[in-house]
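Down below is the structure, laid out as structure tokens.
Laboratory data are not the source of any read-out in this text; all were calculated from the coordinates shown. Remember, predicted model here, so these are calculated numbers, not experimental data. Every residue, glycine as well, gets a Cβ built from its backbone with ideal geometry; the counts of neighbours run over all protein chains shown.
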Amino acid sequence: MDTQALKHAIQHSGRYNRKGFESPTQRAKALGESYQSDLIASIRENDFTFEEGRLKIKLAKSFGFCWGVERAVAMAYETRRHYPNEDIWMTNEIIHNPSVNNHLSRMNVKIISTRNGIKDFSSVSCGDVVILPAFGATVQEMQLLHEKKCQIIDTTCPWVSKVWHTVEKHKKHIFTSIIHGKYKHEETLATRSFAGDYLVVFDLAEAEYVANYIQGHGDKNKFMNKFAKACSDGFDPDIHLERIGVANQTTMLKSETEAIGKFLEKTMLKKYGPANINNHFLAFNTICDATEERQDAMFSLVNEDLDILVVIGGFNSSNTTHLQEIAVTNNIESFHIDISDRISVENNSICHKPLESDLVLKKNFIPHGKIKVGITSGASTPDKIVADVIEKLIAITK
Ligand code: SF4
């Protein structure tokens, strides 16, 4: 499919909006009322530190709502104000944050339902308003909405669009896109739909597996079984790994994306030699600024001699999970929660989600005596939720 031509047709249909409806001042006011916190503002001013009694809190120097999320949420709210009576749909959760999604649901902004893993667009009628979330939508979904003559409100973050341009460039020059990401994540599903031939690798170990195959050491059947759900239709590793370009889901661990890019570049250099490398390898780092800043701030935070760390963000939020990974690899006891209700002040307990695990209840998670707690939050977490968590920690340590 000519994805660029389709995007052009949609954007010039007269039924497409990617700027929103209100002025920056109106937007900031509406968001501030719902999501900002005076407590967090004062902690920011106090060098990201808060102390009361035996509790000391260090906030990461960069955390919470990023520019792209703020913009997407604001556009969703103003869409409802602009279309007070119309049916409004979202192709997915606007961002990975339960409180924001519940808020939108109370405004009767509905998420298109899924049946047996497939989205059911039958409830969307001709002319309905449909919001595309910050991490985008697939090209097939966009085409369907275009054919249904829906009003499309596109909140896709420009960083995500940049990844789409990258894989479209690979497609144009007949390179296979090696996408560092989670093959089932909504953003990567969208990116896959814009790519030509592609292979999604989850981590460095999978990239090494691919590199091994490129060097002629792999088994084709085993390779195809391993990546069966993570490659394009008709993918043949003997053909499609000769010319590769790297792209990534915007919220992956930056250091790992860089390591994967360098590793694959070295592999192609070894195989084809420096004189031919440009015919066989294209690199492009599409990690967004916000993800990078939050990860860098987390690397500083883990050096703060903390007793425990609380990481706040949706359980399906990729960038939050990577913050939790940084805590784990630095051997700091850390608790990933999505909302402040996971903490019980009465029982001094926290119901948290360790990496790759179900929820676990930890009793007496705040020990006696002085305690230093690090806190960070993912790009889809409003300050207000971070403030609610801090209030609970204050209550427990009183
Ligand atoms: S995390 Fe990055 S890519 Fe995602 S919405 Fe925020 S700024 Fe955009």
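Points to keep in mind about this one:
- Placing a label point 7 Å from the Cα of Ile174 along the Cα-to-Cβ direction, the residues of the stretch 242-286 whose backbone N falls under 14 Å of that point are 242-244, 279-280.
- The alpha carbon convex hull volume per residue for the stretch 159-282 rounds to 92 Å³.
- Whole-Å distance, taken between Cα centres, linking the stretch 110-153 and the stretch 306-330: 32
- In the chain, taking the dipole from charged Cβ atoms about the Cα centre, the farthest positive-side position among Thr286, Ile111, Gly378 is held by Ile111.
- Here the 3J(HN,Hα) profile of the stretch 313-318, calculated from phi with Karplus coefficients 6.51, -1.76 and 1.60 at θ = phi - 60°, is x, x, 5, 9, 8, 5 Hz, Gly and Pro shown as x.
- Test item: Cα-centred dipole of the stretch 68-157, Lys/Arg +1 and Asp/Glu -1 on Cβ, debye: 140
- Toward the positive end of the charge dipole of the chain, with +1 on the Cβ of Lys and Arg and -1 on the Cβ of Asp and Glu, the farthest Cα among Gly313, Val389, Pro158 is that of Pro158.
- With q set to 0.23, 0.25 Å⁻¹, the log10 of I(q)/I(0) for the stretch 68-157, from the Debye formula over equal scatterers at the Cα positions, is -1.23, -1.45.
- Each label point was placed 7 Å from the Cα along the Cα-to-Cβ direction; for Asp120 and Gln143 their separation is 2.4 nm.
- Of Ile371, Ile260, the sequence from fewest to most neighbouring Cβ atoms within 10 angstrom is Ile371, Ile260.
- Computed over the chain with a Gaussian network model linking Cα atoms closer than 10 Å, the most mobile of Thr191, Thr166, Thr25 is Thr25.
- Within the stretch 57-75, backbone nitrogen closer than 11 Å to the virtual label 7 Å beyond the Cα of Asp296 toward Cβ: 62
- Applying both filters, DSSP loop and at most 15 other Cβ atoms within 10 Å, to the trypsin sites (Lys or Arg not before Pro) of the stretch 217-282 gives Lys229.
- Placing pseudo-labels 7 Å out from each Cα toward the beta carbon at Lys384 and Leu359 gives an inter-label distance of 2.1 nm.
- Dimensionless Rg ratio for the chain, taking C-alpha atoms and the 2.2 N^0.38 Å reference: 1.05
- Note on Arg80/Ile394: beta-carbon distance plugged into 1/(1 + (r/R0)^6) with R0 of 56 Å gives a FRET efficiency of 0.95.
- Phi angles of the stretch 148-164 translate, via the Karplus equation with coefficients 6.51, -1.76, 1.60 and θ = phi - 60°, into HN-Hα couplings of 7, 6, 6, 7, 9, 10, 9, 9, 3, 5, x, 5, 6, 4, 5, 5, 4 Hz per residue; Gly and Pro are given as x.
- Separation between Cα centres of the stretch 84-103 and the stretch 160-205, rounded to whole Å: 26
- Given charges at beta-carbon only (K, R positive; D, E negative), |dipole| of the stretch 14-111 in Debye: 260
- Value of [θ]222 nm, deg cm²/dmol, for the chain, DSSP H segments ≥ 4, -39500 (n - 2.57) each, nearest 500: -13000 deg cm²/dmol
- Normalising the average separation of contacting C-alpha pairs (under 8 angstrom, six or more residues apart) by the number of residues puts the relative contact order of the chain at 20 percent.
- Applying both filters, DSSP loop and at most 11 other Cβ atoms within 10 Å, to the trypsin sites (Lys or Arg not before Pro) of the stretch 1-93 gives Lys19.
- Taking the Cα centre of the chain as origin and assigning +1 to Lys and Arg Cβ atoms and -1 to Asp and Glu Cβ atoms, the resulting dipole is close to 420 debye.
- With contacts taken as Cα pairs under 8 Å and at least 6 residues apart, the stretch 181-313 reaches a relative contact order of 26 percent.
- Glu33 paired with Asp219, simple spin-label distance in nm, labels 7 Å along Cα-to-beta-carbon: 6.4
- Share antiparallel - DSSP beta bridges, the stretch 159-282, percent rounded to 5: 10
- Sparse-neighbour loop sites [trypsin sites (Lys or Arg not before Pro); the stretch 117-172; at most 16 other C-beta within 10 Å; DSSP]: Lys148, Lys149
- Antiparallel %, DSSP beta bridges [both residues in the chain], to 5: 25
- Gap separating the Cα centres of the stretch 239-262 and the stretch 340-372, nearest whole Å: 36
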